[in-house]
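What follows is a single structure, written as C-alpha cells, with notes after it.
The values are calculated or read from the model by the stated rules, or taken from the named source; none is laboratory data. In this text, all values refer to a predicted model and were calculated from it rather than measured experimentally. With ideal geometry, Cβ positions are generated from the backbone for all residues, glycine too; neighbour counts draw on all protein chains shown. Just the protein is used for accessible areas: all its heavy atoms, side chains included, with ligands, DNA and RNA removed. Shrake-Rupley method; radii C 1.70, N 1.55, O 1.52, S 1.80 Å.
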Amino acid sequence: MNALAPASFGAALSAARDAAGAQHYPQGTLYVVATPIGNLADVTLRALHVLDIVDVIACEDTRHTQGMLRAYGIDRPGARLLAVHQHNEAEAAQAVVARLAQGERIAYVSDAGTPGVSDPGARLAAAVRAAGHRVLPLPGASSVVTLVQAAGLVADGGDERSAFVFAGFLPSKAGERDAAVAELAHETRSVVLLEAPHRIEALARALGVLGERRITVGRELTKQFEEIATVAAAALADWFAAGRDRTRGEFALVLHPVAVAADDGAEAERVLRLLLAELPLKTAVKLAAEISGAPRNALYDTALRLRSEAERAD
C-alpha cells in the first residue's frame, strides 16, 4: 500500500466529517467498508467518517488495519479492533452479532478492496442479517471493477459487452486448475480472475490453451508500479517471462469475450426469428443468446428491428 504521512489526510478527515457527518448512522449496524486496493488516496469520505465514529472495527488483519488507520490520522486503540478473517470468520461473527445486539456500531474491513467479493466478509454479513441486524455497505475500491474499467471489453464488431463473470481464484492444484480453464473455454462472456504472485506463472501457462483469446492482466493496480497489458492467452506466459518484475505483486486478469464469427450472426438471427414467433421479446433474446452464443445486446437490437419490420408489413 502506498504510504503517505498522516498529515496528508488531515484535511480529508475534516472534509469527511463535514460531508458525511450530518447523515444518520444507526446503532446495532454492521458497516461493510471498502478500502483502497493500493493507493491510500482512493478512500471515500464516508468510509473515513464511519471508521472514525464506529465503536469497533472488525478486520482481516489488525496490524494492517491499524497502519491504515494511522495513515488517515484515526486513533483507534488495539482493544477496539477485532480480528475476523477466513480462518475464524464463522466463530468471530457470533462475537460481532453479540456486540450489535448491545447497540454497538461495527465496521468491517478486509486488507484491501471490497469485503465479501474475494476477501472475507460474506459469512459475517450473512450471520449478521440472519440475526436480524442491519448490514450497511459502503462502496469503494475493488480490483475486479478496476481492471474491467481499463480492459475495454468490446467484442469484434463493436458490440459492447457489459456482462462479465467473476471466477476469482482458480484451484491451486494443477489438475483442478486445468479442468477449470477447460470450462472457461466454453464461457463466451468476459471472465475476471484473481491470482497471487507465487501462482501467477502456473496460471499463465494453464491459460495458454485458450489460444488467441485476449487476456488483460493488471498488476499492482493503483500502486506505484501498476502495469496493465492485453495479450493473447497463448502469449501470456511469455509476457510474464519478458520482465523480471512482472511476477511480483497482486494480480487481476480478464478473459475478453469470445468473438462471434460473422456467419454465426446469420444463424443467431435465424434462431431469434423462430423464438420471436412463440415467445415474448426479452425471453426470445435471452434464449437465443444462450443457444447461439451471440451477444445479447446485439440480439436485442435485432429483435427490435425484426419486430419493427413485422409491424410495417402488417
Out of Ser172, Val258, Val231, whose Cα points farthest toward the positive end of the dipole of region 166-267 (charges: +1 Lys, Arg; -1 Asp, Glu; placed on Cβ)?
Ser172
What is the distance, in nm, between label points placed 7 Å from the Cα along the Cα-to-Cβ direction at Ala79 and at Leu281?
6.4 nm
Per residue, how much accessible area does the chain show when a 1.4 Å probe rolls over the protein heavy atoms, in square angstrom?
50 Å²
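For the chain, what is the mean residue ellipticity at 222 nm derived from helices alone (per DSSP H run of n ≥ 4: -39500 (n - 2.57); sum divided by total residues; nearest 500 deg cm²/dmol)?
-12500 deg cm²/dmol
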Using the Cα atoms as the points, what is the convex hull volume per residue of region 156-258 in Å³?
98 Å³
Ignoring any ligand, DNA or RNA, what whole percent of the accessible area of the chain comes from carbon and sulfur when the probe is 1.4 angstrom?
50 percent
Using a 1.4 Å probe on the protein heavy atoms only, what accessible surface does Lys286 show? Give it in Å² to the nearest 10.
90 Å²
FRET efficiency for Arg270 and Asn88 from the Cβ-Cβ distance with R0 = 51 Å, rounded to 0.05, comes out at 0.35
Over region 16-148, one equal point on each Cα, no solvent: what is log10 I(q)/I(0) by the Debye formula at q = 0.13, 0.19 Å⁻¹?
-0.47, -1.06
Roughly how many nanometres apart are two label points built 7 Å out from the Cα toward the Cβ at Phe225 and Glu183?
3.4 nm
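So between His198 and Gln102, what do we pick up on full extension, going 0.36 nm a residue minus the alpha carbon distance?
30.2 nm
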For Phe251, what accessible surface area do you get with a 1.4 Å probe? Give it in Å², rounded to 10.
10 Å²
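So if R0 is 45 Å, what FRET efficiency would Ala150 and Ala95 give, r being the distance between their Cβ atoms, rounded to the nearest 0.05? Walk me through the numbers before you get to the answer.
Working: r = 39 Å, r/R0 = 0.87.
Here the calculated transfer efficiency is 0.70.
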Accessible area of His87, 1.4 Å probe, to the nearest 10 Å²?
150 Å²
Taking the Cα atoms of the chain alone, what are Rg (to one decimal) and Dmax (as a whole number) in Å?
23.5, 75
Across 5 Å bins from 0, what is the distribution of all Cα-Cα pair distances for region 75-146, in whole percents?
3, 15, 27, 25, 19, 8, 2, 0
